[in-house]
Amino acid sequence: MQFQQLQYFVAVAETRHFTRAADLVHVAQPSLSQQIKALERELGADLFLRARGNITLTDAGEALLPLARRILADADTARHEVQELVQLRSGRVRLGATPSVCTGLLPDVLRAFHDRYPGIRLMIEEGGSHDLVRELARGALDLALVVLPLPTPSPALTTVELLREDLVVVSSPDAPKPGHGRRTVHVSDLEGERLVMFRHGYDLRELTVAACRAEGFEPDFAVEGGEMDAVLGFVRAGLGLAVVPRMVAARSGRGLRVTPLARPGLYRTIALAHRSDVAPPRAARELQRMLLER
């Protein structure tokens, strides 16, 4: 049974005339008649009683008509839904990002994307790069913003470097200035300071701890185990210092002192990742473009 045959059948059923039905569906009348006969052969039943000047439905035709109309309506709906997606009027984007990227980079880009494509639903999943890579691999995300180098490099993923972001030291304005009050501090100046540290699996934790060990000391944690908002809140309360991305510090508002790290400093590389074997959906590709052009 072919979709076109159902179109021809419904046209004849509604016009009760083969020639008018052929005009309606823009096909030659002999071709329409042949397709109706082919449909009847496949179904094993006549669909029309043909008499000169009088075309009526058989019982089989009466049974098929509502089903055929439903199939054609569903096809129109499917066509409309696909066109909506193609034209970016509806759909979804599943984006993964580390919490600090959600706080620093994403708000402005997502607002611009939403303003341009208000019908696209944005689904954001926060997590560490390791978790996001796993979610990408199993198809649960369309795109992910991850920190390079990846904890487990995967040839199944394509990554495009998005930005390199400086890290800074944040502290409470009521606490003594880090680095003996200098305008910039070295990583070595963090020795002996009490740090507010992120949970295990957080990219910033691994980076900070590795930098301290490279300077020959183990960092001293006043509080550990928090996400970004909690860490910033503990720093505001004067519990210790924290090393955070510059964009996060800039967005965090009042209540924090920001001190740059002296050269060569610390930085992290943010990349946009997606599966190599599957092209992201159209809406995800558009968000990808906006992120790369931001």
Mind checking the alpha-carbon convex hull of segment 67-129 and giving the volume per residue in Å³? 90 Å³
So for the chain, taking the charge dipole from beta-carbon charges (+1 Lys/Arg, -1 Asp/Glu), which of Gly192, Ala73, Thr158 sits furthest toward the positive end? Ala73
Convex hull projection area averaged over all views, segment 4-66, Cα basis, nm²: 3.8 nm²
With a Förster radius of 41 Å, plug the Cβ-Cβ distance of Phe221 and Glu161 into 1/(1 + (r/R0)^6) and report the FRET value to the nearest 0.05. 0.85
If you stretched the chain out fully between Glu81 and Asp46, how much longer would it get, using 0.36 nm times the residue separation minus the C-alpha to C-alpha distance? 9.1 nm
Which value in nm describes the separation of the simple spin-label points at Val27 and His114, placed 7 Å from the Cα toward the beta carbon? 4.8 nm
What does the helix-only formula give at 222 nm for the chain: each DSSP H stretch with n ≥ 4 adding -39500 (n - 2.57), the total divided by the residues, and the result rounded to the nearest 500 deg cm²/dmol? -13500 deg cm²/dmol
Mean separation of Cα contacts under 8 Å, 6 or more apart, over the residue count of segment 1-151: relative contact order %: 18 percent
Where the only charges are on Cβ atoms (+1 Lys, Arg; -1 Asp, Glu), what is the dipole of segment 110-259 about its Cα centre, to the nearest 20 debye? 520 debye
Difference of contour (0.36 nm per residue) and Cα-Cα distance, Ala63 to Arg92: 6.6 nm
By DSSP, what percent of the beta bridges with both residues in the chain are antiparallel, rounded to the nearest 5? 60 percent
For the chain, build the convex hull from the C-alpha positions and give me its volume per residue in Å³. 175 Å³
Anyone know which of Glu193, Glu14, Glu165 comes out most mobile in the 10 Å Cα GNM of the chain? Glu14
Positive end of the charge dipole of segment 89-213 (Lys, Arg +1 and Asp, Glu -1 on Cβ, about the Cα centre): tell me which of Val169, Ala211, Leu132 has its Cα farthest that way. Leu132
Relative contact order in percent for the chain (Cα pairs under 8 Å, 6+ apart) equals 21 percent
Carbon plus sulfur, as percent of the 1.4 Å-probe accessible area of the chain, comes to 50 percent
Rounded to the nearest 20 debye, what is the charge dipole size of the chain about its Cα centre when +1 sits on each Lys and Arg Cβ and -1 on each Asp and Glu Cβ? 700 debye
Overall dimensions of segment 176-266 by Cα: Rg and Dmax, Å: 12.1, 33
Would you check the accessible area of Arg213, probe 1.4 Å, heavy atoms only, in square angstrom rounded to 10? 140 Å²
If each residue of separation counts as 0.36 nm, what is the full-extension length gain between Arg282 and Arg213 once their alpha-carbon separation is subtracted? 20.4 nm
Furthest towards positive pole of dipole, Thr259, Ala279, Ser31, structure part the chain, Cβ charges: Ser31
Mind listing the long-range amide H neighbours of Leu162? Cut-off is under 5 Å, sequence gap 5 or more, other chains count too, H placed in the peptide plane at 1.01 Å from N. Ile270, Ala271, Leu272
Per residue, the convex hull enclosing the alpha carbons of segment 1-115 has a volume in Å³ of 143 Å³
Starting at 0 and stepping by 10 Å, how many percent of the alpha carbon pairs of segment 102-219 end up in each bin? 10, 32, 30, 19, 8, 0
Relative contact order for segment 174-284: what percent, with Cα pairs under 8 Å and sequence separation of 6 or more? 29 percent
Most fluctuating residue given options Gly216, Gly179, Gly104, as computed from a GNM of the chain linking Cα atoms under 10 Å: Gly216
Exposure of Arg121 as accessible area (Å², to 10), given a probe of 1.4 Å and all protein chains: 140 Å²
Expressed in angstrom and rounded, the centroid-to-centroid distance over alpha carbons for segment 152-206 and segment 109-145 is 24 Å
What list of ³J(HN,Hα) couplings, whole Hz, do you get for segment 122-136 from phi and the Karplus terms 6.51, -1.76, 1.60, once you set θ to phi - 60° and write x for glycine and proline? 9, 10, 10, 10, 8, x, x, 4, 4, 5, 5, 4, 5, 5, 4
Highest GNM mean-square fluctuation, the chain, Cα pairs closer than 10 Å: which of Ala97, Ala38, Ala112? Ala38
Would you mind getting the accessible area per residue of the chain, heavy atoms of the protein chains only, 1.4 Å probe, in Å²? 53 Å²
Rounded to 0.05, the calculated FRET efficiency for the beta carbons of Arg294 and Leu72 at R₀ = 51 Å is 0.70
So how far, in whole Å, is the C-alpha centre of segment 236-260 from the one of segment 7-40? 73 Å
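The values are calculated or read from the model by the stated rules, or taken from the named source; none is laboratory data. The shown structure was predicted, so the numbers you read here are calculated from the model rather than taken from an experiment. Backbone-built Cβ (ideal geometry, glycine too); neighbour counts: all protein chains shown. Accessible surface is based on the protein model in full, side chains and every heavy atom, while ligands, DNA and RNA are left aside. Shrake-Rupley method; radii C 1.70, N 1.55, O 1.52, S 1.80 Å.
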